[in-house]
Structure formats: C-alpha cells, structure tokens
Amino acid sequence: LPRWIAKKLHSIATTDNHTTTQQPPRSSNPITIVCISDTHTTQPALPPGDILLHAGDLSQYGLFDEIQAQLIWLNAQPHRHKLVVAGNHDLLLDSAFVASHPDRELDRLPGKRRADLDWGAVTYLDNSTVDIACHTGGGERLLRIYGSPWTPQCGNFAFQYPAADADDKTDPWKNTIPPSTSILLTHGPPLHHLDERKGCPRLLKEIRRARPQLVVFGHIHGARGEDVLRLDDDAEVRYEDVVAGTRPWRNVGALVLLVVWGRL
C-alpha cells in the first residue's frame, strides 16, 4: 500500500514541478564513452569512442577460454581506454568463489588459471579506481573511474552479497566510492533504475552520497537503456526510499507535504 500511494504522489509532484528528463549541458570538450555489458562470449560490432566500458559478464560459464577470448576481442577495439568489471557469471575472476567450489575446477589447469589471463591494454577494476586522461580537440580532461563487480545474491554465482534493505548494518557499499569519482562502473543496478525491481537499495544510497556524474551497469538484460537519477529532487528521493522499504509511511507523509506545499 505505501508503495502504491508513494507512486501516485511522486507522479503528482513530478507533474507539478514540470520535471522532465533533460540532457545535461554539453561540454565544450566532449568525450565519447561506449557502454556495453553482458556480452556472454558474444562479440558485437561497437561504435568508435574515447572510452570503452564493459560492465561485466564477459563469459557464460566463467571459464578461462571464454574470458580470454573476450579480452582478445576488447583489446582489438580502437578505443584508447578500455575498462572492465567482472559480473556474476565471470566465476574464474572471483577467488573466493573458486576456493569455495573446488568441484568446478576453475583455477586448476596449468596455463589456464586466473593469473594466466592476458589483459593487454584492458584495465580490470575490482573495487578499485583508476584516473585517466582523455585528450580531445579541446585539450585534456581527467576522469576518475571506480569499478566494482558486486551484486545482491541471486543463485549460486560469483561476486555476490546477501540481499537486504537499505538500512542493513552490514552495508557492503557504504563509503566505498572514492571522492571526486566521475564514473561509477558496476555490474548490477541501483534500486529503481533500469532494474526490473532487482536493484540494490544500498548501492542507490551510496550513489546519492558519492554523486558520480555517470553510472554504468548491466546485469538485468531486459532493462537496458538509459535513465536519469535526480539527486536533488526531494520527491524522487522520498519515493525511492519507499521503494527500498526505508521508513515507508514516514516518507509517504513527506511526499504528501511536498505535493501540498507545491500547490500553495
């Protein structure tokens, strides 16, 4: 019930404020970023750009040959900067998963262990950050990119943590995104944004705190596309808190006040 009421109130507040999805101001020194995910061993043709981001699930079964073939394909792309995070299917890359599943024989064959992967010019981000310089016609632009493969538990896969609400005290995302992060690259989505109701509320909470300019993710195949997360829209924040199950009735009350105040 509170989610249904909040959805109606959020719709009214958005309409009253004439909030529309707007493109951000165009930079005088633009960078082209190509975003892909969940290729699962496929190798589609890619458009040109300055940066190529892969949001995980390079493989289907997490095997060495699958991942290495994807790395060879990525290295053949013309983009100057190529960055990757793992996905839940990329089993070989999760050392904890490999250790706890010796029956899978993922990291045993000589020459086909995780350490034998040839990453070439591809930067692999595993809860880590890289600063890159993009040289365009207008000069140099510096970007800080943070990447993480983790997603809420769903089946028996790699890089997963127990699903919980936004108030869980064992929050795996809390204060993880470094200051001044320009781009966040994750495998899974935040709650309520291209997630088919499978996104993580704790990731959403951390995005609100860190405020990256761009968030790139995959995981939910049918939800591909783009969306706008309005960090300064109080009605949006309150509605997302209700969806996350965070003090739902209190936030419904706040939405009522926002709607009434907006019509005075």
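The values are calculated or read from the model by the stated rules, or taken from the named source; none is laboratory data. Here the structure is a predicted model, which is why all the values come from computation and not from measurement. So basically every Cβ, Gly included, is an ideal-geometry build from the backbone, and we count neighbours across all protein chains shown. The area values use the complete protein model at the heavy-atom level, side chains included, leaving out ligands, DNA and RNA. Shrake-Rupley method; radii C 1.70, N 1.55, O 1.52, S 1.80 Å.
Quick one: which of Ser27, Ser37, Ser59 is modelled with pLDDT of 95 or more, of a type outside the set (A, V, I, L, M, F, W, C) and under 30 Å from Arg141 (Cβ atoms)?
Criteria check complete, one pass: Ser37.
Quickly run through region 156-187 and pick out the residues that are of a type outside the set (S, T, N, Q) and in contact (Cβ under 8 Å) with a residue 60 or more places away in the chain.
Within region 156-187, Phe157, Ala158, Phe159, Asp165, Ala166, Asp167, Ile183, Leu185, His187 meet the criteria.
One line per residue, one yes/no per condition, for (1) aliphatic (A, V, I, L, M); (2) under 27 Å from Pro178 (Cβ atoms):
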| position | (1), (2) |
| --- | --- |
| Lys82 | no, yes |
| Val85 | yes, yes |
| Glu105 | no, no |
| Arg113 | no, no |
| Glu140 | no, yes |
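Restricting attention to region 100-135, and to residues there that are more than 14 Å from Gly62 (Cβ to Cβ) and among the small types (Gly, Ala, Ser), which single residue is most open to solvent (accessible area, probe 1.4 Å)?
The qualifying residue most open to solvent (accessible area, probe 1.4 Å) is Ala115.
If you go through region 136-157 one residue at a time, do you hit one that is open to solvent by less than 10 Å² (accessible area, probe 1.4 Å), of a type in the set (Phe, Trp, Tyr) and within 25 Å of Pro102 (Cα to Cα)?
No: zero hits.
Out of region 136-154, which residues are of a type outside the set (Phe, Trp, Tyr) and without any contact (Cβ under 8 Å) to a residue 60 or more places away in the chain?
Selection gives Glu140, Leu142, Arg144, Pro152, Gln153.
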